[in-house]
Amino acid sequence: MKNYIILFGSVLFLGLGSCKHKQKTQESPKPVPVAKAEVPVHCEVTVSFGSAGSGIDGKKYDEIKKMVEDKKLKYTDKQQGKEGERKLCLPLTELTASDKSNFIEQLKKTASSGQLVSVSGD
């Protein structure tokens, strides 16, 4: 009987000791990393590519993107939706005022023959 009490006491002591040990080793929740806020970019012109259930007009997207890259203009390209909708943001800081007007007119002319392609801005 004495052996049972010693055995029971030992098991109880070790069991409680391991519970305390588990409590000490549990990690507190790690802080969730916060994404850096993007610096807002002024878009002189935004070219939007919409979709009516079949994806964007890929040919016009490629054509307009080539126009932008040929002029070596800075831009951001953001996907907006699940079907590939996109927006190109063009600050046009590299162009003079008259060059901006001409380029915007070229963009509008090119976009007008596309499906759900629009140009907004000055």
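Just to be sure I understand the filter: pairs with C-beta atoms under 9 Å, separated by 6 or more residues or on different chains, first member in the stretch 66-90 and without any contact (Cβ under 8 Å) to a residue 24 or more places away in the chain and loosely packed, with under 12 Cβ neighbours inside 10 Å, second member of a type in the set (Phe, Trp, Tyr) and part of a loop (DSSP other than H, G, I, E, B). Which pairs pass?
From the stretch 66-90, the pairs are Glu69/Tyr75.
Considering each residue of the stretch 95-114, count those that are in a loop (DSSP other than H, G, I, E, B) and either of a type in the set (D, E, K, R) or surrounded by 15 or more Cβ atoms within 10 Å (Cβ to Cβ) (or both), and give that number.
If we filter the stretch 95-114 for residues that are in a loop (DSSP other than H, G, I, E, B), which is where we start, we get 95-96, 113-114.
From what is left, the residues that are either of a type in the set (D, E, K, R) or surrounded by 15 or more Cβ atoms within 10 Å (Cβ to Cβ) (or both) are 95, 114.
Count: 2.
Determine which single condition Lys66 fails, assuming it passes every other condition in (1) out of contact with any helix residue (DSSP H, G or I) (no Cβ under 9 Å at 6 or more places or on another chain); (2) modelled with pLDDT under 95.
(2)
The values are calculated or read from the model by the stated rules, or taken from the named source; none is laboratory data. Note that the coordinates shown come from a computational prediction; the quantities given were computed from them, not determined experimentally. Using ideal geometry, Cβ is built from the backbone for each residue, glycine included, and neighbour counts are taken over all protein chains shown.
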